[in-house]
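Encoded as C-alpha cells, the structure appears first; notes follow it.
The values are calculated or read from the model by the stated rules, or taken from the named source; none is laboratory data. The model shown is predicted, which means the values in this text are computed figures rather than measured ones. Here the Cβ positions follow ideal geometry from the backbone for every residue, glycine too, while neighbour counts run over all protein chains shown.
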Amino acid sequence: MDINFAAPVNSLGYGVVGLNILASLDRAGHGVALWPIGDVEAPEERHRLLERALGRREYYNPRAPSVRISHQKDLAHHIGKGLHCGLPIFELNRLDPVERHHLAAQDLVFVPSQWAKTVLADNAIPEERIRVAPLGVDHGIFRFIDRIAPGPTVFLNVGKFEVRKGHDVLAEAFNKAFTRDDEVRLVLLGHNPFYSEEESRQWADVFRNSPLGGKIEVIEGRLPAHRDVADLMARADCGVFPFRAEGWNLDLAEMMAMGKHVIATNYSAPTEYLTPQNARLIEIERLEDAHDGKWNFGQGQWAEFGDAQVAQLVEQLRAVHRLKQSGQLQPNTAARDTMARFTWDRTVGCIIAALAA
C-alpha cells in the first residue's frame, strides 16, 4: 500500500513514534512517502530508510491515504486526496474547541489506547472514525535483563521534568521513604527541551537540594542514543513513574520490556498495558483540573495526587528496596511477557487494517 506519511523524526516522543512506525511500514513492504515535521534526527543505521522515504515524495501517490502523527491541534496539513488520518498522543480528558475541530476533520483518528478512544468519544468525536493502534517497543534495543545486580537499590525515572509527570511527587516521596543510612539511589533523566536553563535548574534543584540530595543523580541534557537510554535502564532495579496523566509513556513501556520492576499511576493511556501482576500501581481516587502554570491551565483533568497517593508511592519504594536488599528481588517476567505483545509491527498492523477496510 502507498502511504503519504507526515511525522516528526527525532529522539523526542512523537519523533520516536514516527521513526518506528516508518521503519515498520517499510519492513512490511509499503511504499511510504515521508514529509518530516521539523528537523530530522535519526541514527546512522536509519539513514537509508529515510532516503528511500524522502525520495518517494517526488512521485507520491495523490490518491494514497495520508497519515499525520502530530499534536491534536496540528492535524490540518495532509498530502493528497486519499483518506486523511491523524495520530495524536494526548494526556487530558477534555478537548478544547481547536482540538475538537482538528480531530473532527479527520477521516480516521488513530489513538494508542482504549482510554484515549473513550476520551475522544466523550468529546463528540464520532466513534466510528476512531481506531486503537497501541504503540510498541523496540525489543532489539530494550532487551530483557535476566539478572539483578548486587549493591544499592537503584530507582530510575526517565521523562522530561514537569508537573504532569509527577516529579514534584517523586521528590517528596523519595525523601519520605528513605534515610541517609539506606543503601538506595535515585537517578533522573529529565531533560526538557522546552524549558529555559533557569527552569531546568529549578527542577534539578528540587532533587539536589532535598534532604537526600546526596543519593540523587540528575543527568544533565539528553543521552546521545536510545541504546544509551537502554544501558541506563539496564543498571536500574525499578522504574518510578508517578505521573498525573500520560498519552502512552514510552519509557515506562521500555523498562517493562526489559523486565524491570515499575511503580506507576494506574490511570490514563498506560492502563493499556499496566496490570496488578506486572506493575506496582498507585491507585487514584479522583481527578482534578490540570494546572501547572506552564502548559496546563485547567482545560482538562488529570489524576489528583493527595496524601494517600504519596503514601502508596512511599510504601512501594520501600517494598522494592526491602526485596532488593534481602536478595528476593527477581526480574519482572510478567512485565516482559506483557510487553512482548507490544511491537511496532503490531501498531502498523492496526493502522493498515483500518486503511484497507
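Side notes on the structure shown:
- Single condition residue 228 does not satisfy, out of (1) at negative phi; (2) buried (at least 17 other Cβ atoms within 10 Å of the Cβ): (2)
- Unique match (being polar (S, T, N, Q) and either under 25 Å from residue 144 (Cβ atoms) or in contact (Cβ under 8 Å) with a residue 12 or more places away in the chain (or both)) among 209, 249: 249
- Residue 98 more than 28 Å from residue 226 (Cα to Cα), free of Cβ contacts under 8 Å to residues at least 60 places away in the same chain and surrounded by fewer than 21 Cβ atoms within 10 Å (Cβ to Cβ): yes
Each row is one residue, and each column tells you yes or no for (1) within 20 Å of residue 338 (Cα to Cα); (2) at pLDDT 95 or above; (3) not in a loop (DSSP other than H, G, I, E, B).
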site	(1), (2), (3)
252	yes, yes, yes
256	yes, yes, yes
264	yes, yes, yes
267	yes, yes, no
271	yes, yes, yes
274	yes, yes, no
277	yes, yes, no
284	no, yes, no
288	no, yes, yes
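- Filtered by the rule that a residue be touching a residue at least 24 places away in the same chain (Cβ under 8 Å), more than 17 Å from residue 1 (Cβ to Cβ) and small (Gly, Ala, Ser), segment 40-63 gives a lone residue, 42.
- Filter result (exposed (fewer than 13 other Cβ atoms within 10 Å of the Cβ) and part of a helix (DSSP H, G or I)) within segment 18-30: 27
- Filtered residues of segment 64-78 (kept if part of a loop (DSSP other than H, G, I, E, B) and either within 27 Å of the chain's Cα centre (by Cα) or free of Cβ contacts under 8 Å to residues at least 60 places away in the same chain (or both)): 65, 70, 71, 72, 73, 74, 75, 76, 77, 78
- Any hit, segment 51-74, residues being closer than 21 Å to residue 8 by Cα, surrounded by fewer than 17 Cβ atoms within 10 Å (Cβ to Cβ) and touching a strand residue (DSSP E or B) at 6+ places or on another chain (Cβ under 7 Å): yes
- One residue from 302, 344 being surrounded by 16 or more Cβ atoms within 10 Å (Cβ to Cβ) and in contact with a Gly (Cβ under 7 Å, 6 or more places away or on another chain): 344
- Those residues of segment 31-41 which are surrounded by fewer than 19 Cβ atoms within 10 Å (Cβ to Cβ) and touching a helix residue (DSSP H, G or I) at 6+ places or on another chain (Cβ under 9 Å), in sequence order: 31, 35, 38, 40, 41
- Residue among 190, 221 that is of a type in the set (Gly, Ala, Ser), modelled with pLDDT under 95 and closer than 30 Å to residue 114 by Cβ: 190
For every residue, the table says whether it meets (1) assigned to a helix (DSSP H, G or I); (2) touching a helix residue (DSSP H, G or I) at 6+ places or on another chain (Cβ under 6 Å); (3) farther than 30 Å from residue 150 by Cβ.
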| residue | (1), (2), (3) |
| --- | --- |
| 299 | no, no, yes |
| 308 | yes, no, yes |
| 318 | yes, yes, no |
| 341 | no, no, yes |
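- Some residue of segment 2-13 being under 24 Å from residue 353 (Cα atoms), surrounded by fewer than 19 Cβ atoms within 10 Å (Cβ to Cβ) and over 26 Å from the mean Cα position of the chain (by Cα): yes
- All conditions but one from (1) in contact with a Pro (Cβ under 7 Å, 6 or more places away or on another chain); (2) of a type outside the set (Gly, Ala, Ser); (3) farther than 24 Å from residue 284 by Cα apply to residue 351; the one that does not is (1).
- Test: residue in segment 254-269 that is within 21 Å of residue 89 (Cβ to Cβ), of a type in the set (Asp, Glu) and either without any contact (Cβ under 8 Å) to a residue 12 or more places away in the chain or assigned by TED's automatic domain parsing to the domain that holds residue 189 (or both): yes
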